1. Working out 0.36 nm times the residue gap between ALA313 and ARG30, then minus their Cα-Cα distance, what length gain in nm do you get to one decimal?
2. Taking Cα centroids, how far is segment 274-288 from segment 362-378 in Å?
3. Using the per-residue mean of other Cβ atoms lying within 10 Å as a proxy for protection, in what order, highest first, do the peptides 58-69, 261-272 fall?
4. Going by Cα centres, segment 22-70 and segment 183-212 are how many Å apart?
5. Given labels modelled 7 Å from the Cα in the Cβ direction, how far is it in nm from TYR53 to GLN298?
6. Where does each of 377-383, 80-86 land if you order them by average Cβ count within 10 Å, highest first?
7. Order 172-182, 355-365, 283-293 from most to least packed using the mean count of other Cβ atoms within 10 Å.
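We did not get these values from a lab; they are worked out from the coordinates using the rules stated. All values derive from a computational prediction rather than experimental measurement. So basically every Cβ, Gly included, is an ideal-geometry build from the backbone, and we count neighbours across all protein chains shown.
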Amino acid sequence: LRVPLKGGGGPQDSETTQRPAGWSTEGLTRLLRHSTTHLPAWGTLAAAHYDAYGASLLQQLLAMLGRYLTDAAEGVAAAGVRLMAAVVDAAAPALDAAGWAAVVEALLSAVADDPLDALSPEANGSMQNGVHYQSARPALSPGPSSSPGPGTCAGEGTAVPGAAALRRRCRVLVQLQRLVARVHQRHAPLMPPPLALQLVGVLQDTVAQASTFNRNAGRRAAAAEKLGASPRRAALPPSCLSDAVLGVGGGEAPPGPAAVRAEAEGGALLVAALLRCMQPAAQGDPDVQARVTAEAEQRLLAVCRAVVVQAAADAWAAHEAATTAAAAAATAASGATGVVSAAGRAGVTEDVPWEAAARGPLLVAILKGYTAVSPPAWREELTALYPHLAKLVCSGQPGVRTALGALLRSQLPPSGVVS
């Protein structure tokens, strides 16, 4: 079913190509049809005979689904996401700790390959829960005309993945985030608490991958250059860089800013999952649950602090720029007298960059999530966080200002003074 495609028919790596290099049309059609029919039945069989065979049947099935999730064909990867959800749902009631460990490991392997690392040769690996690892997964192929084949690994002459291939992989990353969040939301009560927190770590890794790329102007500039961005776009600020990764160029109907979406949407899913981990479990060892709750709270505070600090800096910078521009305009209008009227004192600007707008729902989820933090931890966090919250008042997003106002009214000390 998987056959080499001959060149000469135009570039294989285009948004309209549904059949990527390595799959025949008939092979891809048959794969999707039969996998949808048979693999869920395999999951049901593994669950029904779990007492006899343990996790062995499930591990074989998860290994096969892992190949779907990492396939270069977006349709195959999307089918893998749906099949993985169906298999986990079917097997969940029968799984023990070993079975859940196999599920977590399969999901971790699926997201281990950061699609953005291929754009930065100096980044030889990614971060997994703070641990640097070397990815051994084959790099995406831009097509048979410029690559030895889909199985060639990075460092063996493989070219940088094409723009459409990279966009596909980023969109699949978002689907994987939703899969992890879905599994955690539905089945965390059936999992040992440490494994449930480890599953959240899988989601945290994907958010870190996207955030690291989005916040690194150097990597984004390198991405724009390697993927053939025009010199004019390469000279733009980081918020506009990399047509291929962000999906905002070329005059075509773009799939959306995939890397920013993975950070913003995945971050909101991450916050919700960490809040679930902080809720007391109905059963299990209380000491283990207490340790998991404490670790989840510390992870939540660290994730939220990073987002709030950056958002506050962005909002304050936009406010200062608007104030300076308004003052200059008022001075010019007054005949250069040096007296600035009230019109020169700009208020909150509603002109929000698109990346800040995309992160708005994440910021709202964070501000609301602070109410679930234990009082001692919140008092300690507020001491360091208050200056940034004060700057965030200048945010140009009404939803953010509303959530911030609710937080300050409910969580600040009665005197309004932070000691």
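1. Working: separation 283, 0.36 × 283 = 101.88 nm, distance 5.19 nm.
96.7 nm is the gain from fully extending ALA313 to ARG30.
2. One Cα centre to the other: 18 Å.
3. Working: 58-69: 19.8, 261-272: 23.9.
Result, highest mean first: 261-272, 58-69.
4. Result: 23 Å between the Cα centres.
5. With each label point 7 Å from Cα toward Cβ, the separation is 4.1 nm.
6. On the way: 377-383: 15.0, 80-86: 20.3.
Top of the packing list down: 80-86, 377-383.
7. On the way: 172-182: 21.8, 355-365: 20.1, 283-293: 13.5.
Ranking, from highest mean packing down: 172-182, 355-365, 283-293.
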